[in-house]
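In what follows, a structure is listed as structure tokens, so that the remarks can point back to it.
The values are calculated or read from the model by the stated rules, or taken from the named source; none is laboratory data. Everything numeric here is computed off the predicted structure, so don't read it as measured data. Here Cβ is always computed from backbone atoms with ideal geometry, including for glycine, and neighbour counts include all displayed protein chains. Each accessible area value is taken on the protein alone, full model and side chains, heavy atoms only, with ligands, DNA and RNA left out. Shrake-Rupley method; radii C 1.70, N 1.55, O 1.52, S 1.80 Å.
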Amino acid sequence: MPVAPRPPLVNRVGTFGVGTACYWFGRLIAVLGRITWMIFSTEAIWQLISADDLMWAASGPAKFTGLLLVLYFWELVGTPIKWSKCRGGFEMEWLGDWLDYGRFRLGISE
């Protein structure tokens, strides 16, 4: 007895594409990070990119100018930056870690 073909299954709950969105976002943010590094490779600027969290650190006499130029470049290419998360200083929390550049300490944040 022949078996009738089953209709194709269609996912209607919205979870399809979540993994691929992370993959493509990671690739796009990596391209921006590499372009930024190529443009500002003569400056002492470090970028830490983890998913959608960014951290820039700079040193030297032109550190503020370099950081402003990096932020300007990221804005110029249309990167959505949440300005309420932007802050500076020698002590900060980033991805659950507490970073203290003034005393050279690293730990877990509260």
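The angle separating the long axis of helix 63-76 from the principal Cα axis of greatest extent in the chain is about 30 degrees. To the nearest ten degrees, helix 18-39 and the longest principal axis of the Cα atoms of the chain are 30 degrees apart.
Solvent-accessible surface of the range 2-110, averaged per residue with a 1.4 angstrom probe and all protein chains in place: 83 square angstrom.
Placing R0 at 30 angstrom, the Cβ-Cβ distance between residue 62 and residue 83 gives a FRET efficiency of 0.80 after rounding to 0.05.
Most tightly packed first, judged by the mean number of other beta-carbon atoms within 10 Å of their residues, the peptides 26-34, 100-108 read 26-34, 100-108. Remark on the chain: Rg and Dmax equal 20.9, 82 Å (Cα only).
All C-alpha to C-alpha distances of the range 30-76, sorted into 10 Å bins beginning at zero, yield P(r) values of 27, 62, 11, 0 percent in whole numbers.
Express the carbon and sulfur contribution to the solvent-accessible surface of the chain as a percent, rounded to the nearest whole number, probe 1.4 angstrom. Before the final figure, lay out the partial values.
Numbers: 6060 of 9270 Å².
It is 65 percent, rounded to a whole number.
Looking at the chain alone, DSSP beta bridges between its own residues are antiparallel in about 100 percent of cases.
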